[in-house]
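Have a look at the structure below before the remarks.
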Amino acid sequence: MTLRDDILTRFSNQPTGEPPYLPDLTLWYKWHREHSTLPEAWQSYTLPQVSRALGAPIWMVARPWHASTPGIPITTETTGVERVTRYEAFGRVLTARWALGPDGDWWQVEYPVKTIGDLVAARAIIEARTYTLEASDLVTLQQEIGEDGVLALEVPMRPYSDILHTLLGWSEGLTLFAGEGRSALLEMIEILEEKLQALTAQVTALPGDLILAPDNLDGQYISPRVFHQHLAESYVHTAAITHRRGKRLVVHVGGPVRYILPLLAEAGVDGVEGIAGPPQGDLSLAEARQIAGPGLTLWGGIPQDLLNDIHSSEEFEGGVVEALRQVRRDGRTILGIADKVPVDADTSRLERIARLVRPV
């Protein structure tokens, strides 16, 4: 059985062999490549080459589309410590601002929509949004991966999450949803939903193994009521489109998901990336299985914090061994770092995980 088959069989009712260890290196690799801080021996490596060097299967994510907003002037200015994006619509200028964080990455500190008066301009931005396929390199990516891993095709965030992540922010945004801006925001969700599902139909027809919804769901912000109101139907539609093409839908989560997991399973989602116990999340793999039921593929088990030196070497190895023990009891799980390998991960610990999972 190839590594690709080993991963995909976790989404079936008849998995075979030991569950795989699959780290999501996408965030870690992108950041270090852009900052020229990959380990010296890997400076010229692609992500698949780094995965092979770590003794792990390849998790490659492609976004085979780009978004644009024809007719909406957008400008971005970047200095050494700040990045500012301005949108012009309906006589208003909406401003988003990012500050350079202590990890060297950009942290968003200001969102475009600040008052109910900004919603008219925000709607114009959403109405103008257009998705265009860019799938020319998928065959090349598949060839580079071969049978050593899987290619996941990313679709946009759920409209509810998208609006809060990109336009409103999760504090002021939730206030607007609960107040007089609610009807306008619901209309904006409907507009984006139609565009999302139309794009999903195109993406699922492309070469690739899985469909990834990068929604980063967090139970601190997504209650069961909110899920039913704003997310459930969207997942049902995307899952149905995905399954018609013979693919599987994976949703990315972050933080506590105790009350979200069974709802994702009910909506037809096939797998969840990002399962972790405290303090990062609220469920071990074994606990997640009890709550999610038998049909949902669970991916994670190793909290991000174990990969840096705030935890001792003994704590790190103990956490990995315990996660591995739980995975071996459950064929529909994939061992991984929840929810992604962090930028500050200790490379030596990444290398040690593969040796713990498959001792020579």
inquiry  = Go through the range 319-340 and report how many residues are surrounded by fewer than 21 Cβ atoms within 10 Å (Cβ to Cβ) and hydrophobic (A, V, I, L, M, F, W, C).
reply    = 2
inquiry  = Can you tell me how many residues within the range 170-222 are outside any loop (DSSP other than H, G, I, E, B), at pLDDT below 95 and hydroxyl-bearing (Ser, Thr, Tyr)?
reply    = 2
task = Just give me the residues in the range 29-52 being surrounded by 12 or more Cβ atoms within 10 Å (Cβ to Cβ) and either of a type in the set (D, E, K, R) or within 19 Å of the chain's Cα centre (by Cα) (or both), in sequence order.
result = 29, 30, 31, 32, 33, 47, 48, 51, 52
query = Can you name the condition, by its number, that residue 10 falls short on among (1) closer than 30 Å to residue 131 by Cα; (2) in contact with a strand residue (DSSP E or B) (Cβ under 7 Å, 6 or more places away or on another chain)?
reply = (1)
message = Test of understanding: among 63, 158, 97, which residue is free of Cβ contacts under 8 Å to residues at least 24 places away in the same chain, in contact with an Asp or Glu (Cβ under 9 Å, 6 or more places away or on another chain) and under 24 Å from residue 342 (Cα atoms)?
response = 97
ask   = In the range 62-84, which residue that is touching a Lys or Arg at 6+ places or on another chain (Cβ under 9 Å) and closer than 28 Å to residue 25 by Cβ is surrounded by the fewest Cβ atoms within 10 Å (Cβ to Cβ)?
value = 76
query = In the list 253, 257, 272, which residue meets the criterion of being assigned by TED's automatic domain parsing to the domain that holds residue 329, in contact with a Phe, Trp or Tyr (Cβ under 9 Å, 6 or more places away or on another chain) and among the aliphatic types (A, V, I, L, M)?
reply = 272
query = Picking from 176, 151, 186, 164, which residue would you name as being aliphatic (A, V, I, L, M) and surrounded by fewer than 17 Cβ atoms within 10 Å (Cβ to Cβ)?
reply = 186
request  = Starting from residues that are touching a Leu at 6+ places or on another chain (Cβ under 9 Å) and crowded, with 20+ Cβ neighbours inside 10 Å, keep the ones in the range 11-28 and report whichever is modelled with the lowest pLDDT.
outcome  = 19
key: Search result, residues across the range 87-106 that are touching a Phe, Trp or Tyr at 6+ places or on another chain (Cβ under 9 Å) and modelled with pLDDT of 90 or more   = 93, 94, 95, 96, 97, 98, 99
Filter result for residue 192 (assigned by TED's automatic domain parsing to the domain that holds residue 11 and within 27 Å of residue 84 (Cα to Cα)) = yes
request  = Would you kindly identify the strands (runs of 3 or more DSSP E) lying entirely within the range 265-338 that contain at least 3 residues that are in contact with a His (Cβ under 7 Å, 6 or more places away or on another chain) and in contact (Cβ under 8 Å) with a residue 40 or more places away in the chain?
outcome  = none
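The values are calculated or read from the model by the stated rules, or taken from the named source; none is laboratory data. For clarity, every value in this text was computed on a predicted model and none was experimentally measured. Here the Cβ is made from the backbone with ideal geometry for all residues, glycine too, and neighbour counts use every protein chain on show.
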